[in-house]
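First comes the structure, then the notes that go with it.
The values are calculated or read from the model by the stated rules, or taken from the named source; none is laboratory data. Note that the structure is a prediction, hence the values are computed from the model and not measured. Here Cβ is always computed from backbone atoms with ideal geometry, including for glycine, and neighbour counts include all displayed protein chains.
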Amino acid sequence: MNQFDPEILREVLELALRLGLFLGSAAISPIIGRSLPQLLQRLLQFNQDHTDINPKEVYDRYIKPIQNAIAVMGALIFIALNLNWLIIYDELYTFIGFFIYSALSIGILWFATQATRQVIRQSVISLVKRWFGEVNEVVLVFETLIYIVIVLVALILFARGLQLDLFTLGASLGIGGVAVAFASQQALGRLFGTLELYLDRPYLPGEYIRVTFNPHAEDLYGRVESIGLRSTKIRIVARNTVMIVPNSMMASLNIENISRGKKIMAILCLDFFKGLKESECALVRQIIEEASLVFRDLDRASTQVQFSPSESSSGTRARAIFFLTGSSKNSVDLRKELLELANDAIAKKLAAYNITFTTPDPIVYIDSPMSI
């Protein structure tokens, strides 16, 4: 009767035990996976007293539609964790791990895609509509960026699971890997350029812009036709041609938005009780101009102060014309309030010279087109 070497017998028993534990965990992994959605639901209910979140609404909107993906992911992660029982057997671990981590990487891609699409449908679209006023390509930009991150995470997880050296693997790709990396860098540059345009919003479709492409040539003036994932389409004025410019380039250019250049003409009338002498007219003009210094975006070259006989008395009427500029309605409204304060400052300064007046009408505001 042959006797086994105790050392070999111990190693065989250890292998059988570790393999049995791994196979047992693989057998119960579907049960673990199917229990995850219910576990998440209970966690939401447990936190109900500490947060304002409605657990049933969150579960129905975000978890229930992807519960199958959650179950598969939970089962694969449980199997991958229990694969460590075989980590001391390099060849066996690598052989089995290749299939497990391949399935896990694919599972991550599937789960993350489903989860991302659900979050975008339930939350991101309404958020983009609140920020940008309408749902446009910015949703696709965010979705594409998330998908790129998902793919990178899946690849890193696959490589780390098999204990592969990513730097050595990248170097072994040689010229082909450099070409792929360069192409990926260009694609990411365009994508981040698009994201920068959507976040900063220097222009929107339908607005007119002036762009400096070449500092030694004339600027191009045109209407923004559309903003895509890769490029911006600009219809050039006078040529009626469409220029397609990569978003990464547009994000680095000097852009003048003509459409947002609001210009308001403000007319302020002052009726003096007496006829003003030439020196007094000069004084009134000087005080009005000094009062207008509070405006940072005042078109001073267009500011005018005109004098004429008063229509209702023998005095003099001064008509002050200002051109207020701003980038938005709020900024123009702020300058209107400053003009009201400037009117009070003018009255106080003129009173110091014993020159009194009345304002027969409130300040008149007239939209004025911006010069191109």
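Got a sec? Which of G24, G97 is in the same structural domain as A154 (by TED's automatic domain parsing), more than 30 Å from V119 (Cβ to Cβ) and over 41 Å from the mean Cα position of the chain (by Cα)?
Details: G97 fails: over 41 Å from the mean Cα position of the chain (by Cα).
One residue alone meets the criteria, G24.
Taking the range 220-236 on its own, how many of its residues are touching a residue at least 24 places away in the same chain (Cβ under 8 Å) and more than 21 Å from the chain's Cα centre (by Cα)?
2
Taking the range 247-289 only, how many residues are of a type outside the set (V, I, T), farther than 30 Å from L229 by Cβ, in contact with a strand residue (DSSP E or B) (Cβ under 8 Å, 6 or more places away or on another chain) and surrounded by 15 or more Cβ atoms within 10 Å (Cβ to Cβ)? Steps first, please.
First, the residues of the range 247-289 that are of a type outside the set (V, I, T): 247-254, 256-257, 259-263, 265-266, 268-283, 285-286, 289.
Now drop any that are not farther than 30 Å from L229 by Cβ, which leaves 262-263, 265-266, 268-283, 285-286, 289.
Adding the requirement that they be in contact with a strand residue (DSSP E or B) (Cβ under 8 Å, 6 or more places away or on another chain) leaves 262-263, 265-266, 268-276, 281, 285, 289.
Still in the running and surrounded by 15 or more Cβ atoms within 10 Å (Cβ to Cβ): 262-263, 265-266, 268-272, 276, 281, 285.
So the answer is 12.
Taking the stated definitions as given, is I28 buried (at least 17 other Cβ atoms within 10 Å of the Cβ), part of a helix (DSSP H, G or I) and among the β-branched types (V, I, T)?
Details: buried (at least 17 other Cβ atoms within 10 Å of the Cβ): no; part of a helix (DSSP H, G or I): yes; among the β-branched types (V, I, T): yes.
No.
So which residues in the range 36-56 are assigned to a loop (DSSP other than H, G, I, E, B) and either among the polar types (S, T, N, Q) or over 24 Å from N68 (Cβ atoms) (or both), if there are any at all?
Just the residues of the range 36-56 that are assigned to a loop (DSSP other than H, G, I, E, B), to begin with: 50-54.
If the condition is that a residue be assigned to a loop (DSSP other than H, G, I, E, B) and either among the polar types (S, T, N, Q) or over 24 Å from N68 (Cβ atoms) (or both), then H50, T51, D52, N54 are the ones that fit.
Kindly establish whether F307 is part of a strand (DSSP E or B) and modelled with pLDDT under 80. Write out each step before concluding.
Details: part of a strand (DSSP E or B): yes; modelled with pLDDT under 80: no.
Spelling it out, it is not the case that F307 is part of a strand (DSSP E or B) and modelled with pLDDT under 80.
List the residue pairs whose Cβ atoms are under 7 Å apart, where the first residue sits in the range 32-59 and is not assigned by TED's automatic domain parsing to the domain that holds N82 and of a type in the set (S, T, Y), the second is part of a helix (DSSP H, G or I) and modelled with pLDDT under 80, and the two are 6 or more positions apart or on different chains.
Every condition considered, no pair remains.
Restricting the search to the range 184-221, which residues are modelled with pLDDT under 70 and among the basic types (K, R)?
R190
Looking only at the range 253-279, count how many residues are in a loop (DSSP other than H, G, I, E, B) and free of Cβ contacts under 8 Å to residues at least 40 places away in the same chain. Quick ask: steps written out before the conclusion?
Here is the first cut: in the range 253-279, the residues in a loop (DSSP other than H, G, I, E, B) are 253, 258-261, 273-277.
Retained after the next criterion (residues that are free of Cβ contacts under 8 Å to residues at least 40 places away in the same chain): 277.
Looking only at that region, the number is 1.
Among the residues of the range 213-246, write down those that are surrounded by fewer than 13 Cβ atoms within 10 Å (Cβ to Cβ) and farther than 19 Å from L197 by Cβ. Lay out the reasoning, then the answer.
Step one: list which residues in the range 213-246 are surrounded by fewer than 13 Cβ atoms within 10 Å (Cβ to Cβ), which gives 214-218, 238-241, 244.
Within the range 213-246, N214, P215, H216, A217, E218, A238, R239, N240, T241 qualify.
Being surrounded by 12 or more Cβ atoms within 10 Å (Cβ to Cβ) and of a type in the set (F, W, Y) is true for just one of F46, F111, F99. Which residue is that?
Details: F46 fails: surrounded by 12 or more Cβ atoms within 10 Å (Cβ to Cβ); F99 fails: surrounded by 12 or more Cβ atoms within 10 Å (Cβ to Cβ).
The unique qualifying residue is F111.
Within the range 206-220, which residues are within 14 Å of M250 (Cα to Cα) and of a type in the set (F, W, Y)? Break it down into steps so the answer makes sense when it comes.
Looking only at the range 206-220, we keep the residues that are within 14 Å of M250 (Cα to Cα), and these are 209-214, 219-220.
Residue satisfying the conditions is F213 alone.
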